[in-house]
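*Asks:* First the structure, which I've put down as structure tokens, then a few questions once you've had a look.
The values are calculated or read from the model by the stated rules, or taken from the named source; none is laboratory data. Treat the numbers as computed from the prediction; the structure is a model and nothing was measured. Glycine also receives a Cβ, built like all others from the backbone with ideal geometry; neighbour counts cover every protein chain displayed. To get the accessible areas, we keep the full protein, side chains included, count just its heavy atoms, and leave off ligands, DNA and RNA. Shrake-Rupley method; radii C 1.70, N 1.55, O 1.52, S 1.80 Å.
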Amino acid sequence: MTPINETLAQYSELFMLIAALIYLVSFFFFSWDMASASRSIRKLENELETVKTKELVGASGPSVNEPNDRKQLVSDDMEYADGIKRPAANIGVAILVVAMLAHAFAVVARAVAASRAPWGNLYEFMTSGALVITVVYLLFLLRKDLRFVGTFVSGVVLLMMMGATIGFPTPVGNVQPALQSWWLITHVSVAVVASGIFALTFSMSVLQLIKQRAEKQGPVNGFMRLVPSSSALENWSYRLNAVAFVMWTFTLIAGSIWAEQAWGRYWNWDAKEVWTFVIWVIYAGYLHARATRGWTGTRSAWLNITGFLALVFNYTIVNLYFPSLHSYAGF
């Protein structure tokens with residue numbers, strides 16, 4: 001048995017709690033951004049209207065009776081109009097980076113303390129998965145302005161951290177022989193990354209439903225004006241899910257190969273295997289229905305949400321309560 005570095009293990013647990021607290025602060029600032037969005041938008045539009053009025057007066061044109069067209073504040077490509085100041089969202093992003101660094105140290109410290117990949121049980125999978133969600137979100141922020149989904153992302157990460165530390169606390173230790181394989185690194189790491197992307201698209205689908213409802217009820221107001229159109233959210237979710245689906249397919253295939261090496265059969269009709277396949281079928285149906293059957297809008301969003309809920313079910317209820325060859329994955 002590999003000796004455990006107890007000092008690093010304690011530091012890992014400490015920084016995991018610190019990271020959770022920092023995520024909470026980030027969630028607060030992203031929520032503040034949502035709450036203060038209406039005031040910021042009104043201020044910007046008043047400034048734009050003042051400039052427009054001065055231009056009309058200078059040109060001897062109408063100034064009072066001219067209708068005020070609502071300016072589009074964000075394009076479908078997530079490009080924002082100049083002049084939109086969102087200090088709370090910027091602070092939220094900065095704090096999220098700090099939380100990610102503390103979180104990464106905690107995960108790496110646990111890996112070094114145990115001399116193995118840090119996803120040998122449900123606690124480690126949830127904390128590593130939460131880290132991947134944050135990293136994926138921050139990487140996409142470098143290319144696209146996804147601050148509008150920061151509240152949902154930080155909220156999901158915070159819930160995962162709380163669930164891991166409160167519901168499934170597991171001391172650092174060695175894993176069972178079946179997990180002492182390099183497949184633990186390849187198979188599970190890809191599954192973690194795919195789950196992180198699925199979590200991001202889940203957040204976008206929830207926002208899509210909210211935005212779509214606001215669009216149907218009339219002029220979109222408040223924070224929703226800073227969110228791209230529901231069709232844009234749907235398109236981006238579809239693109240990201242296509243990438244995550246490829247990863248999940250690899251997860252399913254790699255898991256079967258590992259099962260043959262560990263248990264002598266590629267497929268054992270194990271509860272974990274079956275639900276992994278169920279998730280694959282849901283997302284395959286989502287991609288197929290949207291690409292060939294024209295499933296767009298509400299149906300597409302709910303199918304994506306269903307896939308993520310099945311993913312959550314697989315890594316919580318199935319791990320804990322279903323008889324399975326993967327029973328060691330619970331704690």
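*Asks:* Search region 95-112 for residues that are open to solvent by less than 80 Å² (accessible area, probe 1.4 Å) and pair each with any residue that is among the polar types (S, T, N, Q) when their beta-carbon atoms are under 6 Å apart and the residues are at least 6 apart or on different chains.
*Replies:* Ile95/Ser26; Leu96/Ser26; Ala99/Ser26; Met100/Thr134; Ala106/Ser12; Val107/Ser128; Ala109/Ser12; Arg110/Ser12
*Asks:* From the residues in region 223-234 that are in a helix (DSSP H, G or I) and buried (at least 16 other Cβ atoms within 10 Å of the Cβ), which one is farthest from the chain's Cα centre (by Cα)?
*Replies:* As a first pass, look at region 223-234 and keep what is in a helix (DSSP H, G or I): 223-226, 230-234.
Checking which are buried (at least 16 other Cβ atoms within 10 Å of the Cβ) leaves us with 223-226, 230, 232-234.
On the way: Phe223: 20, Met224: 19, Arg225: 22, Leu226: 19, Ser230: 18, Ala232: 17, Leu233: 14, Glu234: 15 Å.
Going through the qualifying residues, I end up with Arg225.
*Asks:* Something else: What is the residue count in region 26-44 for residues that are surrounded by 17 or more Cβ atoms within 10 Å (Cβ to Cβ) and either modelled with pLDDT of 90 or more or out of contact with any helix residue (DSSP H, G or I) (no Cβ under 6 Å at 6 or more places or on another chain) (or both)?
*Replies:* Qualifying residue count for the region: 6.
*Asks:* To continue, here is another question. Counting just the residues of region 76-91 that are outside any loop (DSSP other than H, G, I, E, B) and surrounded by fewer than 18 Cβ atoms within 10 Å (Cβ to Cβ), which one comes out modelled with the highest pLDDT?
*Replies:* So the residue we want is Ile91.
*Asks:* Would region 92-103 turn up any residue that is in a helix (DSSP H, G or I), touching a Lys or Arg at 6+ places or on another chain (Cβ under 8 Å) and modelled with pLDDT of 90 or more? Break it down into steps so the answer makes sense when it comes.
*Replies:* So the first thing to find is which residues in region 92-103 are in a helix (DSSP H, G or I), and the list is 92-103.
From what's left, touching a Lys or Arg at 6+ places or on another chain (Cβ under 8 Å): 92-93.
Now narrow it down to the ones that are modelled with pLDDT of 90 or more: 92-93.
Yes, region 92-103 contains a residue that is in a helix (DSSP H, G or I), touching a Lys or Arg at 6+ places or on another chain (Cβ under 8 Å) and modelled with pLDDT of 90 or more.
*Asks:* Could you list, in sequence order, the residues of region 112-160 that are among the polar types (S, T, N, Q) and farther than 27 Å from Ser229 by Cα?
*Replies:* Residues satisfying the conditions are Ser115, Asn121, Thr127, Ser128.
*Asks:* Give just the number: which of (1) open to solvent by less than 20 Å² (accessible area, probe 1.4 Å); (2) at pLDDT below 90; (3) among the aliphatic types (A, V, I, L, M); (4) under 30 Å from Thr170 (Cα atoms) does Ala289 not satisfy?
*Replies:* Failed condition: (4).
*Asks:* Within region 125-157, can you find the residues that are under 16 Å from Asp33 (Cα atoms), open to solvent by 30 Å² or more (accessible area, probe 1.4 Å) and either hydrophobic (A, V, I, L, M, F, W, C) or in a helix (DSSP H, G or I) (or both)?
*Replies:* Result: Arg147, Phe152.
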